[in-house]
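Asks: Below are the structure tokens for one structure; questions will follow.
The values are calculated or read from the model by the stated rules, or taken from the named source; none is laboratory data. Predicted model, so just to flag it, every value in this text is computed and none were measured. Every residue, glycine as well, gets a Cβ built from its backbone with ideal geometry; the counts of neighbours run over all protein chains shown. Note: accessible area is taken over every heavy atom of the protein model, side chains too, but ligands, DNA and RNA are not part of it. Shrake-Rupley method; radii C 1.70, N 1.55, O 1.52, S 1.80 Å.
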Amino acid sequence: AGRCLPAGSCPSVGIAGLTLGGGIGVLARKYGLTCDKLVGATVVTADGQARTVSATAEPDLFWALRGGGGGNFGIVTSFTFATVPAPQLTIFAMGFTAVAEAFHAWQPWLASAPDELWANFNVTGGSPPTCTIAGCYVGPAGPVNAMLNTLVSRIGTPPKYRTVQPQSYLDAMRYFAGCAAKSMPTCEAQTHGAQWNREAFVASSRMMAAPVSDPSNIVAAATDRPNLHVIIDGLGGAVGRVGAGDTAFPHRSAMASVQIYLKTTPEAQAAATTQVTAVRDILAPVVGTGAYVNYIDATMPNWPQSYYGDNLPRLRQTATKYDPDHVFTFAQAINRT
């Protein structure tokens, strides 16, 4: 339809869970989180009522739905979003072996970049680890090449590869969904139908509260862990210009989110969980103890504070108001103290 809604960064993510947990994605620095574009919703609460919520109707519930996590307050049956015209994008990727040097340069480079640029830093575990810097830019390729030249100069070593490619908005979204080389019907069948080649994985998260002074700590966490990924998705820009208490998503001042991700099989899930948990805990003193509720983790230490920070008391009040009998409950439900 020629419109843009900032969505996620992984294929097959559902719009409901993405929005309710905040919605970190590849256009976040320019357009904000997915929940920042939510202007209304219909939600069935524990008393069986279908409530229409917005900034002026049931404002506490509307506030909680923008980052308070799925399953806590009711069943959302519809969303109303604000959108913007779909822009032309430029996607890019570079690979490096000097992980610590690249990360040391990447942090201030992204922090000083215009909102139009989004980038992540993907550390692939191994002996030694390697890394990829990838992302997109709202606009043509010229500024991207100039900014990447600056970054490479700061790193001090040339990349193993470098790709810069202008794309339409739709083609860029297909690229991030892993459908770049497929037709639209094939892509839609794979992402919505039984043909989707789903991945089994174990994952957790942290939020990077401030620049990491010693990137070698991140390298050490991924060393000798083949196939494990530490994916650091840049924030800032439009995300940081919303107050921490203006929506339920509390991590507005964070520099990045940190995904700890390991593909596995059902037979190897226990071993994979042990690895992911170990890296999660190693990274806590390095990047911070915050966490992203959309990577909900059954063993997260002090999970209420990690997910919700200073917004936790208001979220608990809202859960008590709309679900006093704990109809919507699970192991990490907000209405549990």
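Asks: Looking at Pro266, Pro285, can you tell me which residue is over 16 Å from the mean Cα position of the chain (by Cα) and farther than 29 Å from Pro313 by Cα?
Replies: One residue alone meets the criteria, Pro266.
Asks: Pairs please, first residue from the stretch 213-241 and at positive phi, second anywhere and open to solvent by 30 Å² or more (accessible area, probe 1.4 Å) and among the hydrophobic types (A, V, I, L, M, F, W, C), Cβ atoms under 8 Å, 6+ apart in sequence or on different chains.
Replies: Here the result reads Gly236/Ala111; Gly236/Met255, each pair linking the stretch 213-241 to a residue that is open to solvent by 30 Å² or more (accessible area, probe 1.4 Å) and among the hydrophobic types (A, V, I, L, M, F, W, C).
Asks: Now a separate question. Open to solvent by 60 Å² or more (accessible area, probe 1.4 Å), more than 16 Å from Arg206 (Cβ to Cβ), among the acidic types (Asp, Glu) and outside any loop (DSSP other than H, G, I, E, B), is that true of Asp310?
Replies: Yes, satisfied.
Asks: Only one of Ala93, Ala98 is surrounded by 15 or more Cβ atoms within 10 Å (Cβ to Cβ), free of Cβ contacts under 8 Å to residues at least 60 places away in the same chain, within 30 Å of Pro158 (Cα to Cα) and not acidic (Asp, Glu); which?
Replies: Every option except Ala98 fails the conditions.
Asks: Given the criteria touching a residue at least 24 places away in the same chain (Cβ under 8 Å) and on the phi > 0 side of the Ramachandran plot, does Gly290 qualify?
Replies: Taking the combined requirement at face value, the residue does not satisfy it.
Asks: Would you check which residues across the stretch 218-242 are open to solvent by 30 Å² or more (accessible area, probe 1.4 Å) and within 24 Å of Arg29 (Cα to Cα) and list them?
Replies: If the condition is that a residue be open to solvent by 30 Å² or more (accessible area, probe 1.4 Å) and within 24 Å of Arg29 (Cα to Cα), then His229, Gly240, Arg241, Val242 are the ones that fit.
Asks: If you don't mind, there's one more thing I want to ask. Take the residues in the stretch 26-67 that are open to solvent by less than 10 Å² (accessible area, probe 1.4 Å) and either touching a Cys at 6+ places or on another chain (Cβ under 6 Å) or of a type in the set (Asp, Glu) (or both); name whichever of them is nearest to Ala172 (Cα to Cα).
Replies: Only one residue tops the list, namely Val26.
Asks: What helices (runs of 4 or more DSSP H), lying completely within the stretch 13-99, carry at least 2 residues that are closer than 16 Å to Ile334 by Cβ?
Replies: Where helices (runs of 4 or more DSSP H) fall fully within the stretch 13-99 and carry at least 2 residues being closer than 16 Å to Ile334 by Cβ, they are 15-21, 59-65.
Asks: Taking Cys136 and the conditions (1) touching a Gly at 6+ places or on another chain (Cβ under 7 Å); (2) outside any helix (DSSP H, G or I), which numbered condition does it fall short on, given that it satisfies the others?
Replies: (1)
Asks: If you go through the stretch 112-122 one residue at a time, do you hit one that is polar (S, T, N, Q) and either more than 20 Å from Gly234 (Cα to Cα) or open to solvent by 50 Å² or more (accessible area, probe 1.4 Å) (or both)?
Replies: Yes: the stretch 112-122 contains one or more residues that are polar (S, T, N, Q) and either more than 20 Å from Gly234 (Cα to Cα) or open to solvent by 50 Å² or more (accessible area, probe 1.4 Å) (or both).
Asks: Now for a separate question. Quick one: Gln259 ticks every box in (1) open to solvent by less than 30 Å² (accessible area, probe 1.4 Å); (2) in contact with a Gly (Cβ under 8 Å, 6 or more places away or on another chain); (3) under 24 Å from Ile133 (Cβ atoms) except a single one, so which number is it?
Replies: Only one criterion is unmet by Gln259, namely (2).
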